[in-house]
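Okay, handing you the structure first.
The values are calculated or read from the model by the stated rules, or taken from the named source; none is laboratory data. Predicted model, so just to flag it, every value in this text is computed and none were measured. For neighbour counting, all protein chains shown are included, and Cβ atoms are generated from backbone atoms with ideal geometry for every residue, glycine included. Please note that ligands, DNA and RNA were not included when accessible areas were found on the heavy atoms of the full protein model with its side chains. Shrake-Rupley method; radii C 1.70, N 1.55, O 1.52, S 1.80 Å.
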Amino acid sequence: MTLELISSHEILFKGDAESVTLPGAEGSFTVLKNHAPIISVLNAGEVKYRTPEGAEKSVAIKGGIVDVDNNVVAVCVY
């Protein structure tokens with residue numbers, strides 16, 4: 001699946017990801033390939049993702065929103 005992680009100032013990451021874990025308003029959740037469509041508000045915390053090569057990375061956020069649809073995880077953060 002494709003992860004697009006952007007802020008109002010820059011693209012933080014755009015590329016393939018095996019999994020993405022997000023700090024949702026109702027609790028942390030993980031998105032995998034073929035996840036059902038969802039839109040969620042994000043709380044402060046970390047967006048964690050794993051690349052196809054197996055590298056695990058994270059980005060600290062103050063909040064944002066995520067839209068998951070058709071194997072694209074679009075995350076707008078502040």
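May I ask you to list the residues in segment 31-46 that are under 11 Å from the mean Cα position of the chain (by Cα) and farther than 15 Å from residue 5 by Cα?
32
Inside segment 29-41, can you point out the residues that are open to solvent by 90 Å² or more (accessible area, probe 1.4 Å) and not β-branched (Val, Ile, Thr)?
32, 33, 34, 37
For the list (1) outside any strand (DSSP E or B); (2) closer than 16 Å to residue 72 by Cβ; (3) in contact (Cβ under 8 Å) with a residue 60 or more places away in the chain, I need the number of the one condition that residue 3 fails.
(1)
So, in segment 61-78, exactly how many residues are over 14 Å from residue 12 (Cβ atoms), assigned to a strand (DSSP E or B) and not charged (D, E, K, R)?
So the answer is 3.
Only one of these is under 12 Å from residue 76 (Cα atoms) and aromatic (Phe, Trp, Tyr): 13, 29. Name it.
13
Being modelled with pLDDT of 95 or more, loosely packed, with under 12 Cβ neighbours inside 10 Å and not β-branched (Val, Ile, Thr): is that true of residue 70 here?
yes
Of the residues that make up segment 20-31, is at least one out of contact with any helix residue (DSSP H, G or I) (no Cβ under 8 Å at 6 or more places or on another chain), at pLDDT 95 or above and outside any strand (DSSP E or B)?
Looking through segment 20-31, none of the residues is out of contact with any helix residue (DSSP H, G or I) (no Cβ under 8 Å at 6 or more places or on another chain), at pLDDT 95 or above and outside any strand (DSSP E or B).
Also, I was wondering about something else. Of all residues in segment 42-60, count the ones that are assigned to a strand (DSSP E or B) and surrounded by 12 or more Cβ atoms within 10 Å (Cβ to Cβ).
9
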